[in-house]
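Here the structure comes first, spelled out in structure tokens, and everything after it is commentary.
The values are calculated or read from the model by the stated rules, or taken from the named source; none is laboratory data. Since we're looking at a predicted model, the values are computed, not measured. Cβ placement follows ideal geometry from the backbone for every residue including glycine, while neighbour counts extend to all protein chains displayed. We work out accessible area using only protein heavy atoms, side chains counted, and drop any ligands, DNA or RNA first. Shrake-Rupley method; radii C 1.70, N 1.55, O 1.52, S 1.80 Å.
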Amino acid sequence: METLDLAAPHLYSNRELAFLEFNRRVLEQAKKDDVPLLERLRFLCISSSNLDEFFEIRVAGLKQQEALGATHRGPDNLTPSEQLRRIAERTHELVAEQYRVLNEVLFPLLDAEGIRFPRRDLWNKPQRQWLKRYFNRELEPILTPIGLDPAHPFPRPLNKSLTFIVTLDGKDAFGRSSGMAIVQAPRALPRVVRLPEAQAEAPYEFVFLSSIIHAHVDELFPGMKASGCYQFRVTRNSDLLLDEEVDDLLRAMEGELPSRRFGDAVRMELAEECPGPVERFLQGQFGLDDQDVYPCNGPVNLMRLMQIPDLVDRPDLKYPGFTPRLSRRIQRAGDIFSAIREGDVLVHHPFDSFAPVVDFLRQAASDPSVLAIRQTLYRTGADSTVVKALVDAASNGKEVLVVIELRARFDEAENIELATHLQEAGAQVVYGVVGYKTHAKMSMVVRREGRKLVRYVHLGTGNYHARTARLYTDYGLFTCDEALGQDVQKVFQQLTTMGRAGRLKKMLQSPFTLHSTMLAHIDTEIANAEAGRPARVIAKMNSLVEPGVIQALYRASRAGVSIDLVVRGMCALRPGIEGVSDNIRVFSIIGRFLEHTRVFYFENAFAEDGRPRVYLSSADWMRRNFFNRVETCFPVEDEGLRRSVIRDLELYLADTTKWELRSDGTYEQRPEADQRVVAQELLLETLPD
């Protein structure tokens, strides 16, 4: 085989541009006639929310590199400055399309269904009167206009807060004439207000907070005239930087969190009718270039619309409800531990209920035979049933250890509160390893049975979060396999004692063995293909950007290995390049549920038992997951469960709504086949245990 540079830049997509391509696919869901109307609105909101975090973290990081004069080039051969220019070009196109879809597609369709958002110039007299009373009663007392002059410097709007710049004519009571003022809308105010039935001309009629303030802004400046009022929103750098030498991680995190609200500005969304001089004034205040300003033909934060589907009682415009399945074995056994003793139990959320995960801990909390519980928490949600079970267990005298990752992005404050709550209940709480996020999803219950201690384990691909378990697809494995139990015990000891975990028998772990073992399995498939044996790799994950794995997959493709990748989000690999990736196909599934499972399948014809190897993992194939996080990857060894996972993978590959990645880094959705296959819909149907 000829020598080929598998690290050549043209073989890689830029990860940031790959993210924007993913977000474009999310936005496409808002255009689809076969998606219920209010769900289309949700997809539009999700595409807007995705951009928020993208700017807060990824764009902010590139801007920091640019400010430091960095000129290094990534795998795609782009410098930080070049990346920022391309990001701006793509994002301006994406934002313009978001507002086009809202104004030209969704608003007219919603209006036809009696869900309306009347503009100010269309308010009738009763509506204007009611909204004026609402402004005077609910808004004016808590709005604080600030005229700009030497005694009133330009304020620092909070990250992503709704703010208005107002141009003024005339003088105030002190004879001042600054010409401009700032009005910030407190976050406690609702961003969308529903008109009462008596004033509404449709079953559901909503008015944006920004429209109400705009209509009555003159009342905030007695004796003066507001000649213009323009909403804007500034996105700031929200990444938290912690010194790895800190003495107390929790206190350091508490001290760092407030800075997120006032980090450096990285983007400004601005009403598109804002005059050029006012726009340039704002740019100067925030130190932003032209490419950092995004004109908005509507509300500057489309996430304001996310609450609408919950406020509108129209089941016909939403996805139909469903009841997750409950394992027949668990129902038959009567308690979770008896079911696990019969054999491993696999759950696939949200198609399978999350209740067994909660019951696993609830039963452990009250079972007199249970001595200890070990648990990792990354994101759990407010009023978590999992946390309540752990609190009950500690209160009942169980030895409860919880590893809480304080640095779970945007959940830091909530996790600090959870840590305090658990400690007050008597649980031991640690915060993982400084410098490495603990992203592993593990729960272990130690139970006395006769004269021995038995470890019951739950391992998952997703968080212990009851709400997202209804929205994200994830696998969870219950087992009392002795070797896996010992492995989990060792990882918990490693997290708490700072000692070495030692050699694990079945589990793979980042940052130690996961990357090297994945490469070794790919090499095995290469050897199989070269020897004329069956050779196949199927991998499903959220992101694929780690160069070492991509190069290994390129080598495998050149050797003749058949490779199918289901990558929901960012994928830096380029399939279909002649002589490099001819045997690689990459698909993306964007549907009702957020695809979150990480599944790795290797044909593995060299195995003594001749069976494929199937792993489930908390880790994507990204550098951070392989080298900067504590992650777990575990095998599915039960033959029936393994077949079930493989069947699910093949179902996703057969999905006729999937997007396919082309060699130029863009995606296409091919015309539907004769028979429509939607994996998520089929998985919602009742399947036998």
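Reported to the nearest whole Å, the Cα centre-to-centre distance from segment 118-134 to segment 505-534 is 66.
In whole percent, how big is the carbon plus sulfur part of the accessible area of segment 316-373, probe 1.4 Å, protein atoms only? Intermediate values should be presented prior to the final figure.
On the way: 1190 of 2450 Å².
Carbon-and-sulfur percentage of accessible area, whole number: 48.
Full extension of the chain between ALA520 and ASN124 yields a length gain of 135.6 nm, computed as 0.36 nm times the residue separation minus the alpha carbon distance. For segment 95-243, the relative contact order is 30 percent, taking Cα pairs closer than 8 Å that sit 6 or more residues apart in sequence and dividing their mean separation by the residue count. Once both labels are positioned 7 Å from their Cα atoms along Cα-to-Cβ, the gap between PHE281 and ASP5 label points is 5.2 nm. Of all DSSP bridge pairs formed entirely within the chain, close to 70 percent run antiparallel.
Relative contact order for the chain using alpha-carbon pairs under 8 Å, separation at least 6, rounded to a whole percent? Write out the running numbers ahead of the final one.
On the way: 1255 pairs, mean separation 78.7, N = 689.
Relative contact order of the chain: 11 percent.
For segment 611-682, just say rounded, prolate or oblate: build the C-alpha gyration tensor, square-root its eigenvalues into a ≥ b ≥ c, call rounded for a/c under 1.5, and beyond that prolate if a/b exceeds b/c, oblate if not. Oblate. Go through LYS318/LYS388; LYS441/LYS505; LYS441/LYS540; LYS318/LYS441; LYS437/LYS505; LYS171/LYS225 and tell me which ones have a Cα-Cα distance over 20 Å in this structure. From the list (LYS318/LYS388; LYS441/LYS505; LYS441/LYS540; LYS318/LYS441; LYS437/LYS505; LYS171/LYS225), the Cα-Cα distance tops 20 Å for LYS318/LYS388; LYS318/LYS441; LYS437/LYS505. Computed from label points 7 Å out along Cα-Cβ, the spacing between THR420 and ASP638 is 4.2 nm. Taking a Cβ cut-off of under 12 Å around THR385, the surrounding Lys, Arg, Asp and Glu residues balance to a net charge of 0, with basic ones at +1 and acidic ones at -1.
Counting only residues at least eight positions apart within a chain, or on another chain, the lysines with an alpha carbon under 22 Å from that of LYS160 are LYS63. Computed on the Cα trace of segment 69-217, the radius of gyration divided by the Kirkwood hydrodynamic radius gives Rg/Rh = 1.10.
Under a 1.4 Å probe, what is the accessible area of segment 538-624 per residue, stated in Å²? Numbers along the way, then the final one.
Numbers: 2410 Å² over 87 residues.
Spelled out: the 1.4 Å probe surface of segment 538-624, per residue, equals 28 Å².
Would you rank LYS398, LYS388, LYS31 by solvent-accessible area, highest first, keeping every protein chain in place and using a 1.4 Å probe?
Details: LYS398 25, LYS388 125, LYS31 60 Å².
Most to least solvent-accessible, the answer reads LYS388, LYS31, LYS398.
Round to a whole number: what % of the accessible area of segment 30-179 belongs to carbon and sulfur, probe 1.4 Å? Mind showing how you got there, number by number?
On the way: 3690 of 7360 Å².
Here it works out to 50 percent.
Take every pair of alpha-carbon atoms less than 8 Å apart whose residues are at least six positions apart; their mean separation over the length of segment 252-396 yields a relative contact order of 16 percent.
Starting from 0.36 nm per residue, how many nanometres of slack lie between GLN428 and ILE646 once their C-alpha separation is accounted for? Mind showing how you got there, number by number?
Working: separation 218, 0.36 × 218 = 78.48 nm, distance 3.88 nm.
Separation in residues times 0.36 nm, less the Cα-Cα distance, equals 74.6 nm.
Ordered by 1.4 Å accessible area with all protein chains kept, SER395, SER47 run largest first as SER395, SER47.
Longest exposed-loop-site-free stretch of the chain, with chymotrypsin sites (Phe, Trp or Tyr not before Pro), DSSP loop and at most 16 other Cβ within 10 Å? Kindly include the intermediate steps, with their values, before the conclusion.
Numbers: sites that count: PHE174, PHE322, PHE410, PHE606.
No qualifying site falls inside 411-605, the longest such stretch.
Rounded to a whole number, what % of the accessible area of segment 551-655 do carbon and sulfur atoms account for, probe 1.4 Å? Don't skip to the answer; put the middle values down first.
Details: 1360 of 3280 Å².
Looking at segment 551-655 in its full context, I get 41 percent from C and S.
Under 5 Å between amide hydrogens, built in the peptide plane, is the criterion, and for VAL192 it picks out LEU209 among residues at least 5 positions away or on other chains.
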